[in-house]
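Nothing in this text is a laboratory measurement; each read-out follows from the coordinates by a stated rule. Computed from a predicted structure; not experimentally measured. Every residue, glycine as well, gets a Cβ built from its backbone with ideal geometry; the counts of neighbours run over all protein chains shown.
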Amino acid sequence: MTQRSSGGVQLKNAEVSWAAFDPIAYVEHNYRDLQAEDAEILHMVRDHFGDHFQKQGGGPVSGIDVGAGANLYPALAMLPWCEEITLFERSPSNVDYLRSQVDSYDRNWDQFWHALCEHDAYNSLGVDPRERFGKVVSVEQGDLFDLARYERRWSMGTMFFVAESMTTSHQEFRLGVERFMRALAPGAPFAAAFMEHSKGYHAGEHFFPACDVGESEVRASLETFVGDVKVQRLESEAEVRDGYSGMIVAYGWRSNSDSIVPID
C-alpha cells in the first residue's frame, strides 16, 4: 500500500515495499543541489576521516556504506583511503541506480566532492575521483539485518539516514545500528547520520516509515559499540523536507565491545 502519512501506522522493515522506492525522484529532491545540512555533515565527516588517517599508518582499507540508497556522498567521503568500498543496499531500484553510477557518476555529485576537497586529504587525491570511484566501488544487494554474517569485516564505514528511516520500530532501529557497528573492525572510524523526530518521507509517490529518535536514542544505540563518539545535532535548519526537526550526526571509532539486540 502507499502511505501518505504515518497516521499512527506501525510498519516494520519487512512490511515495506522497498521495490517502490524511486531513486531518481529522491535524488532530484535531495541531492540535485548541495543543501546546507549536507554541507555541514560533509564538513564533520571529512575532518573526522581525514584526521584519523593523518594519524594512522598505511595498510589496506575497506569501507562500507550501509543502506546506501541513492546517496553517493558517504562513499565519496571514504574514497581517498579505501581499496574497496561496498555500497550495501536492499531496494532493487536503488541497487540499479547505484550500479548505474559506478563507472561515471552524475554531475550533481561533483558539488559534494568539491565540499570534501576543502580538506587536503581529498584535494590531494591525485586522480580523477570518478576514475577511482569506478575502480574501488561495488554494489551489493542485501538486508541490513543480515549483516551479522560479516562481523568485523570492514575497516571504516558509514550509515546515513538508514536505521531510523526503514521502520517505525525502536527495536529495529537499535538492531539496525547494532548490525552496522558489528560489521566494523575494532578501531574502525565511522560516521552515521539520522533524521531527528522524523514522521516518514516520500521517494516518488510512495511513503516510507520512520522511527522517532533524538540525540538520546542515537547515543544509547551506539554506546555499547564505541569507546569514543561524538553525537551532534546540526546547526542548519531542517529544510530538506517536511516532517522532521533536524539532523543528527554521530562519528567516532568502533570499540571491541559487542551487544546482542533481540528482534520481536
Candidate lysines for bridging to LYS55, where Cα separation is under 25 Å - those fewer than 8 sequence places away on the same chain excluded: LYS230
Residues whose placed amide H lies under 5 Å from that of ILE64, excluding near-sequence neighbours: THR86, MET156, GLY157, THR158
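Taking K and R as +1 and D and E as -1, what net charge do the other residues with C-beta under 15 Å from the C-beta of VAL213 add up to?
Working: positive: ARG174, LYS199, ARG219, ARG233; negative: GLU164, GLU172, GLU178, GLU196, ASP212, GLU215, GLU217, GLU223.
Computed value for this residue: -4.
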Qualifying aspartates and glutamates (Cα of each under 13 Å from Cα of LYS135; at least 8 residues distant if same chain): GLU83, GLU84, ASP103
Electrostatic dipole magnitude of the stretch 96-167 [Cβ: Lys, Arg +1; Asp, Glu -1; Cα centre; debye, to 20]: 220 debye
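Could you tell me which chymotrypsin sites (Phe, Trp or Tyr not before Pro) in the stretch 120-192 are loop residues by DSSP with no more than 13 other beta carbons within 10 angstrom of their beta carbon? Show your work: numbers first, answer last.
Working: sites: TYR122, PHE133, PHE145, TYR150, TRP154, PHE160, PHE161, PHE173, PHE180, PHE190; in loops: PHE161.
When the chymotrypsin sites (Phe, Trp or Tyr not before Pro) of the stretch 120-192 are filtered for loop state and at most 13 Cβ neighbours within 10 Å, nothing remains.
What is the sum of charges, Lys and Arg at +1 and Asp and Glu at -1, for the other residues whose Cβ falls under 14 Å from the Cβ of TRP154? List each step's numbers first, then the result.
Numbers: positive: ARG149, ARG152, ARG153, ARG179, ARG182, ARG254; negative: ASP65, GLU83, GLU84, GLU140, GLU151.
Around TRP154, the surrounding residues sum to +1.
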Summed side-chain charge close to GLU83 - residues other than GLU83 whose Cβ falls under 12 Å, Lys, Arg +1, Asp, Glu -1: +1
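Which ordering of THR224, THR158, THR86 is given by a fewest-first count of other beta-carbon atoms within 10 Å?
On the way: THR224 16, THR158 27, THR86 24.
Exposure proxy ranking, most exposed first: THR224, THR86, THR158.
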Lys/Arg +1, Asp/Glu -1 at C-beta; the chain dipole; positive extreme among ALA36, LEU11, GLN54: GLN54
Cross-link reach list, lysines versus LYS12, counting only Cα pairs under 20 Å and skipping chain neighbours closer than eight places: LYS199
Fraction of beta bridges assigned by DSSP in the chain that are antiparallel (%, nearest 5): 50 percent
Value of relative contact order over the stretch 13-254, rounded to a whole percent, pairs C-alpha under 8 Å and six or more apart: 22 percent
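Relative contact order of the stretch 87-201: what whole-number percent is it, with Cα pairs under 8 angstrom and at least 6 residues apart?
Details: 120 pairs, mean separation 33.5, N = 115.
29 percent.
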Theoretical ellipticity at 222 nm over the chain - DSSP helices of four or more residues, -39500 (n - 2.57) apiece, nearest 500: -9500 deg cm²/dmol
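Note down the magnitude of the dipole of the chain about its Cα centre, charges +1 on Lys and Arg C-beta and -1 on Asp and Glu C-beta and zero elsewhere, to the nearest 20 debye. If you can, show how the numbers build up before the last one.
Working: 23 positive and 41 negative charges, 120 e Å.
With Lys and Arg at +1 and Asp and Glu at -1, about 580 debye.
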Fluctuation leader among ARG241, ARG46, ARG219 - the chain, Gaussian network, Cα springs under 10 angstrom: ARG241
